[in-house]
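Structure, as structure tokens:
The values are calculated or read from the model by the stated rules, or taken from the named source; none is laboratory data. Being a predicted model, the structure only gives us computed values, none of them experimental. Methodologically, a virtual Cβ is constructed for each residue, glycine included, from the backbone with ideal geometry; neighbour enumeration extends over all protein chains shown. Accessible surface areas use protein heavy atoms only, side chains included; no ligands, DNA or RNA. Shrake-Rupley method; radii C 1.70, N 1.55, O 1.52, S 1.80 Å.
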Amino acid sequence: MASNNNLRAHMKQCFSAPSLRAYVAEFGCSTPTGTPDASALVATAVAQALGLYAAVFIAADVSGGHVNPAVTFAFAIGGHIPVPNAIFYWAAQMLGSTFACLVLNCLSAGQARTITVASVSSLPPHAMSNFPSFFAVPITRIATLMTGFGASILEGIMTFVLVYAVHVAGGRRLAAAATAPVAGMVTGACVLAAGSMTGASLNPARSFGAAVVSGQYQNQAVYWVGPMIGGAVAALLHQCVMFSAVPEPPPPQQQQHHGSVETVVV
């Protein structure tokens, strides 16, 4: 009976007004950013950093500004968000990414295809086969000479850095919106460091939406396994090792004097 009451309470919380606003915020702040041209890596990093900065800043006060299933997973492991809510967060993030990629494809498919074909037309035939035939959305893919295991490790390390930075920036001393510039800068740095090797997704929803719209599902496990494990390790390290919970001391007693009677307020 108690378990049924707990389940009913959790489901009621999942569909409460604040939770629904949080899902909408996570859906609306999923924006794809990227380019298949390696020469534009710096521009991609800047676009990723600014885009994530805006998305997290907008959604920080409503949903926490996760924008990333790996971040939501980390907060669920740390107990900062109930698991049922985390599932709805994941659904909103993946649907938002898919919708954003679909809109991007509908609005700029022809232009993106023309630019991309022109930029890779000088490649030999065997190299052309590594490029997808659908260039309108920013598909994340690993380099030809890189293994899926190595790419997963690299994505996991970068996501670990991102999630740990988000945990530190979102601590008690700073406001929730302070995570926006930190998340943006870390993501931009990771794109510069590993964008040419794995695409530097750091976000399973970002890779998922582009894969659904483009039909290119190669190496999807890389962008789920690595970031999820990296985010989980960051959450556990932050909560259990670096900043383990310490009981707060009781507030000091305040003494008030009313004439000759001394009153102690606890």
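Before moving on, here are some points about what is shown:
- Among the residues making up segment 44-70, those that are touching a His at 6+ places or on another chain (Cβ under 9 Å) and not in a loop (DSSP other than H, G, I, E, B) are VAL56, ALA59.
- Test: residue in segment 197-218 that is in contact with a Gly (Cβ under 7 Å, 6 or more places away or on another chain) and among the β-branched types (Val, Ile, Thr): no
- Note on segment 96-119: among residues that are at pLDDT below 85 and not hydrophobic (A, V, I, L, M, F, W, C), the one that is surrounded by the fewest Cβ atoms within 10 Å (Cβ to Cβ) is GLY110.
- Close contacts from segment 163-178, counting a first residue that is at pLDDT below 75 and a second that is open to solvent by 20 Å² or more (accessible area, probe 1.4 Å), with Cβ to Cβ under 7 Å and a gap of 6+ residues or different chains, come to ALA176/ASP61; ALA176/GLY64; ALA176/GLY170; ALA177/PHE57; ALA177/ASP61.
- Just one of the listed residues (VAL67, VAL56, VAL71) is crowded, with 22+ Cβ neighbours inside 10 Å, under 10 Å from ALA180 (Cα atoms) and in contact (Cβ under 8 Å) with a residue 60 or more places away in the chain, namely VAL56.
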